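In what follows, a single structure is set out as structure tokens and then discussed.
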Amino acid sequence: MNFQPFVAAAFAIAIAAGAPPVFAHGDDRPAAVAGGAELLIQGGQLGKSVFPDGNTARGGQGQPVDGIEGSSQEMLKTHFHAHLAIYYKGEQIAVPRGIGIIAPLRIDRGFVSGGKGFYWLHTHDASGILHVESPNDRVYTLGNFFDVWGQPLAADNVAGLRGALRVYVNGKVQFTPVRDLPLKPHDQIALVIGQPSASPVTYTFPDGL
């Protein structure tokens, strides 16, 4: 696998004010950066582990999903990233590593370095950084990512977590259907589910990501 630096886009799915982020290694909170944002760490973990690594049985197992294929190598014609953090009823829930990477997964210090193949939408760790690496310039959506994962995404159901949903992009409330939200470089999307409500967390990506 090529570990070259990535361009990042950020999706924070925040469901309520909750427990502090945790990491697979290193400090138990992201480093603070200018402006009060938290610095993301590759190979880290944000939130409590609830979901298993990788796709569910309903997700990508090598077959095309929404026209998105599982390739033997990462495609880089279109290349950017997203951050996905989940909070539910006051507790942050980790987005699992290995979504969109076909099992068996190869894991090194919290980072999934490979598998049988890579879908064009995938995660390498549980920090919530979402990788978009495609052979075309198609616009992908949050719904496409959840379909690859094999989890539901609706106004009343986010990966089986149910409750009132509020959607933010870059701190602003959105009214676009959640499945239709386009994935764009450097956006930060927050889905706030249930009570108590929470303001979206602001993250900063490492240099070169």
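Just so you know, all these numbers are worked out from the coordinates, no wet-lab data involved. Here the structure is a predicted model, which means the values were calculated and not measured. Note that each Cβ is placed from the backbone with ideal geometry, even for glycine, and that neighbours are counted across all protein chains shown.
Worth a mention:
- Modelled label positions at LYS89 and HIS186, each set 7 Å beyond Cα in the direction of Cβ, lie 3.8 nm from each other.
- Sequence-distant residues sharing a close amide H with SER113 (under 5 Å, placed H): ARG106, ILE107, ASP108
- Nonlocal amide H pairs with THR78, under 5 Å, H built at 1.01 Å: SER134, ASN136
- For the pair LYS172 and ARG138 in one chain, pulling the backbone fully straight at 0.36 nm per residue adds 9.8 nm over the alpha carbon distance.
- Across segment 104-121, computed HN-Hα scalar couplings (Karplus, 6.51 cos²θ - 1.76 cosθ + 1.60, θ = phi - 60°) run x, 8, 9, 10, 10, 6, x, 10, 7, 8, x, x, 6, x, 10, 6, 5, 10 Hz from first to last residue, x flagging Gly and Pro.
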